[in-house]
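*Asks:* Please see the structure below; I have some questions.
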Protein chains: 2
Amino acid sequence: MSPINIAIVGVGKIVRDQHLPAIAANSDYKLIAAASRHGVVDGIDNFKSIEAMLEAVPAIDAVSLCMPPQYRYAAAHTALQAGKHVFLEKPPGATLSEVADLQALADSKGLSLFASWHSRYAPAVEEAKAFLASTKINSVQVIWKEDVRHWHPNQEWIWAAGGLGVFDPGINALSIVTHILPKQLFITAATLEFPENRDAPIAASITFRDADALPVSAEFDWRQTGHQSWDIIAETDAGRMVLAEGGAKLSINGELRKDTPEREYPALYERFAEIVKAGKSDVDLAPLRHVADAFMLGKRKFVEAFHD
Amino acid sequence: MSPINIAIVGVGKIVRDQHLPAIAANSDYKLIAAASRHGVVDGIDNFKSIEAMLEAVPAIDAVSLCMPPQYRYAAAHTALQAGKHVFLEKPPGATLSEVADLQALADSKGLSLFASWHSRYAPAVEEAKAFLASTKINSVQVIWKEDVRHWHPNQEWIWAAGGLGVFDPGINALSIVTHILPKQLFITAATLEFPENRDAPIAASITFRDADALPVSAEFDWRQTGHQSWDIIAETDAGRMVLAEGGAKLSINGELRKDTPEREYPALYERFAEIVKAGKSDVDLAPLRHVADAFMLGKRKFVEAFHD
């Protein structure tokens, strides 16, 4: 099979750090174009808009959409209408309904739509899932605390309505938790803390349960300086499981079981090639559905203004 | 077929006004029990909890759950586990994920789950849908403005987190709009107005579009005194369609096309009997998904405190 001719739309930090190296290292792909209002990828044709790119480069088979979520639907719709497979960075959209609409369009055209969740491909995630399936889980605690000034400096879109605020990293935790726990979760209570000058929350505290009343809690906070935490801790009949560093490192009862270098984006692009070849889609909306549920069910609390 | 032995859970105003008369008038049902913390239905066995009722009255085939949405999942789960069909008042739950969980449970047990949307059964809704399918729609405007003090006096649950505030009536509009428009909608912007002393919004302004960029707007307001509005207005190539009074009355270019007495709840119970007999479920989450999307994507604005 000849390589998938792929194009990137929305050339920013995540594209340079992750997408370009992952595509370059995978012989299933050939990167042939990019479209971006500001960014440029060296050595290929660059365009200011996806429309201009699709018209000029008909050989494109698939597009990877990496612009902020508020702009993703229009680009995805244009690409699907033009007969291209679509890779969506996380979160897959600004609303659940728009992604459901894209899914229906992809299905009707026999194209592959991929709602990617990179944290699900962190190295220790599958081993954590296998461990949890082997025992009885008694409680789960998610602690996702990072310094927004360090990780998202001056990213205005992330603070705008639809940018999700602290749920932008938090949804990574949710993408792991919904993958490794045996039963579907749902939120029973949430508190969202909004800086008085922002439309998106800077912190959130969430309580979940499943059908068996498993207690699951999550603390998301963007005000963390010093040690950064991306941990999922489960108390089980077989002891305490700690999935740390965003899914990279697994310990059980303090014993390190897995600690290998991460290769999330290479794994994402392997998965996308797999579904394109198989002629199917991979769109799991559970992480975004939990975020929407948290906003709908949650109490709002106002905290001091945030300035970058 | 012998009648469906049905029980009511959560005996309040909507049960007395709508459910009891609808059940009494339908020979497909026999009402045999009720469970409620405070309310009582005369002439049948009454219990304080659904658990006590299900244990004492094994002949129950189906339950109709009419308590506030924040308490609905636990009761629905108990009923499904006990092998009973379930009718959910609107909204079907406090979160999307819990309803998805109930749907999976109902499917696994071969039971019928009905997420009821009473406004979809308003008398002129089907005719409005047929009209819109016959022409080109150019814009749609939803105006749902009512006096909360009149319609929901001292209903504290409606103002609590998860009670949805003005989206409790607004979701009726959304249940109609999502039914009568030809394509799936999604929200592109929203503003939610929260009284400074409440956890749920008193007003909301929403902009939607569909894949064809049809402009759809909705104004929900609970501060309306005087004339109450529950109108859906569509500008089309065949003229202006006004679906007024919550779906009861249809006019096209000022000419009244339909104005018959409403029988929403009788129609809901007919539908529930139909799906129970057919061994299937009817769970459309689109209206609740739009509400969750509005909370997730919407800007929050604070307005003066609300006191009943």
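The values are calculated or read from the model by the stated rules, or taken from the named source; none is laboratory data. The shown structure was predicted, so the numbers you read here are calculated from the model rather than taken from an experiment. No Cβ is skipped: glycine too gets one built from the backbone with ideal geometry, and neighbour counts run over all protein chains shown. Ligands, DNA and RNA are excluded from the accessible area calculation, which covers all protein heavy atoms including side chains. Shrake-Rupley method; radii C 1.70, N 1.55, O 1.52, S 1.80 Å.
*Asks:* Indicate the gyration tensor shape class of segment B:189-283 (rounded, prolate or oblate), computed on the Cα atoms with a ≥ b ≥ c the square roots of the eigenvalues: a/c under 1.5 is rounded; otherwise a/b larger than b/c is prolate and the rest oblate. Don't skip to the answer; put the middle values down first.
*Replies:* Values: a/c = 1.55, a/b = 1.19, b/c = 1.30.
Because a/c hits 1.5 or more and a/b fails to exceed b/c, segment B:189-283 counts as oblate.
*Asks:* Per 20 Å bin, what percent of the C-alpha pairs of the protein assembly as shown does each bin hold, from zero upward?
*Replies:* Cα pair-distance distribution for the protein assembly as shown, in percent: 19, 50, 28, 3, 0.
*Asks:* Please state the shape class of segment B:1-158: rounded when a/c is under 1.5, otherwise prolate if a/b exceeds b/c and oblate if not, all from the C-alpha gyration tensor.
*Replies:* Cα axes put segment B:1-158 in the prolate bin.
*Asks:* Leaving ligands, DNA and RNA out of it, report the carbon-plus-sulfur percent of the accessible area of the protein assembly as shown at a 1.4 Å probe.
*Replies:* Carbon with sulfur: 49 percent of the solvent-accessible area.
*Asks:* Report the relative contact order of segment A:4-115, percent, no decimals, based on alpha-carbon pairs under 8 angstrom and at least 6 residues apart.
*Replies:* Relative contact order, segment A:4-115: 23 percent.
*Asks:* Residue farthest toward the positive end of the dipole of segment A:92-172, with Cβ of Lys/Arg at +1 and Asp/Glu at -1: which of A:141, A:115, A:169?
*Replies:* Checking the options against the dipole of segment A:92-172, the answer is A:141.
*Asks:* For residue A:258, give me every one of the lysines with a C-alpha distance below 30 angstrom, ignoring sequence neighbours fewer than eight places off in its own chain.
*Replies:* Those lysines meeting the cut-off are A:13, A:90, A:129, A:136, A:145, A:183, A:249.
*Asks:* Continuing with the same structure: Can you give the FRET efficiency for residue B:260 and residue B:240, using 1/(1 + (r/R0)^6), R0 = 30 Å, r = Cβ-Cβ distance, to the nearest 0.05?
*Replies:* It comes out at approximately 0.90.
*Asks:* Another one. Note down the magnitude of the dipole of the protein assembly as shown about its Cα centre, charges +1 on Lys and Arg C-beta and -1 on Asp and Glu C-beta and zero elsewhere, to the nearest 20 debye.
*Replies:* 340 debye
*Asks:* List the residues of segment A:261-308 for which accessible area in the full set of protein chains is at least 20 Å² lower than for the chain on its own; 1.4 Å probe, protein heavy atoms only.
*Replies:* A:289, A:292, A:293, A:295, A:296, A:297, A:299, A:300, A:302
*Asks:* Residue by residue through segment A:193-198, what is 3J(HN,Hα) from phi via Karplus (6.51 cos²θ - 1.76 cosθ + 1.60, θ = phi - 60°)? Round to whole Hz and write x for glycine and proline.
*Replies:* 9, 9, x, 5, 9, 10
*Asks:* With r as the distance between the Cβ atoms of residue B:81 and residue A:136 and R0 = 22 Å, compute the FRET efficiency 1/(1 + (r/R0)^6) and round to 0.05. Could the numbers behind the result be given before it?
*Replies:* Numbers: r = 20 Å, r/R0 = 0.89.
So, using R0 = 22 Å, E works out to roughly 0.65.
*Asks:* In nm, what is the difference between 0.36 nm times the number of residues separating residue B:303 and residue B:126 and their Cα-Cα distance?
*Replies:* Gain on extension, residue B:303 to residue B:126, equals 60.0 nm.
*Asks:* Given B:285, B:229, B:68, which one lies farthest toward the positive end of the charge dipole of the protein assembly as shown, if we put +1 on the Cβ of every Lys and Arg and -1 on the Cβ of every Asp and Glu?
*Replies:* B:285
*Asks:* Same structure again: Determine the per residue accessible area of chain A with all protein chains present and a 1.4 angstrom probe, expressed in square angstrom.
*Replies:* Result: 39 Å² per residue.
*Asks:* Specify whether the C-alpha gyration tensor of segment B:105-247 places it in the rounded, prolate or oblate class, a ≥ b ≥ c being the square roots of the eigenvalues: rounded for a/c under 1.5, otherwise prolate if a/b is larger than b/c and oblate if not. Before the final figure, lay out each step's value.
*Replies:* Working: a/c = 1.69, a/b = 1.23, b/c = 1.38.
It comes out oblate by the Cα gyration axes.
*Asks:* Near residue B:184, within a Cβ-to-Cβ distance under 15 Å, what is the net charge of the other residues, with Lys and Arg +1 and Asp and Glu -1?
*Replies:* Within the 15 Å Cβ shell, the charges total -3.
*Asks:* Along Cα→Cβ at 7 Å, what distances in nm separate the residue A:2 label point from those on the other copies, shortest first?
*Replies:* 6.9
*Asks:* Charges on Cβ only, +1 for Lys and Arg, -1 for Asp and Glu, centred on the Cα centroid of segment A:228-308; of A:276, A:307, A:254, which one is farthest towards the dipole's positive end?
*Replies:* Result: A:276, furthest along the dipole toward the positive end.
*Asks:* Further, regarding this structure: Can you list, shortest first in nanometers, how far residue B:257 lies from the same residue in the other copies, with each label 7 Å from Cα toward Cβ?
*Replies:* 6.2
*Asks:* For the A and B pair, go ahead and give the buried accessible area with a 1.4 Å probe, both sides summed, in Å² to 100.
*Replies:* Its buried surface, counting both partners, is about 3000 Å².
*Asks:* Moving on to the next point. Hey, can you list the residues from segment A:95-122 whose accessible area shrinks by 20 Å² or more with all protein chains present, relative to the chain by itself (probe 1.4 Å, no ligands or nucleic acids)?
*Replies:* A:95, A:96, A:97, A:98, A:100, A:101
*Asks:* In nm, to one decimal, how far is the modelled label at residue B:2 from the one at residue B:284, with both set 7 Å along Cα→Cβ?
*Replies:* 3.4 nm
*Asks:* Taking 37 °C and 0.692 mPa s as the conditions, I'd like the Stokes-Einstein D for segment A:21-70 in µm²/s, using the Kirkwood hydrodynamic radius from alpha carbon pairs.
*Replies:* Numbers: Rh = 11.8 Å.
It diffuses with D of about 278 µm²/s by this estimate.
*Asks:* Would you calculate a helix-derived [θ] at 222 nm for chain A, using -39,500 (n - 2.57) for each DSSP H run of n ≥ 4 and dividing by the full residue count, to the nearest 500?
*Replies:* Details: 9 runs with 90 residues, N = 308.
Per the formula, -8500 deg cm²/dmol.
*Asks:* Now for a different question. Label position 7 Å from Cα toward Cβ: report the copy-to-copy distances for residue A:156 in nm, one decimal, ordered from shortest.
*Replies:* From this label point to the equivalent ones elsewhere in the assembly: 4.4 nm.
*Asks:* Let me ask another. Return the FRET efficiency for the residue pair residue A:156, residue A:228: r is the Cβ-Cβ distance, R0 is 22 Å, and the value is rounded to the nearest 0.05.
*Replies:* After rounding to 0.05, the efficiency reads 0.50.
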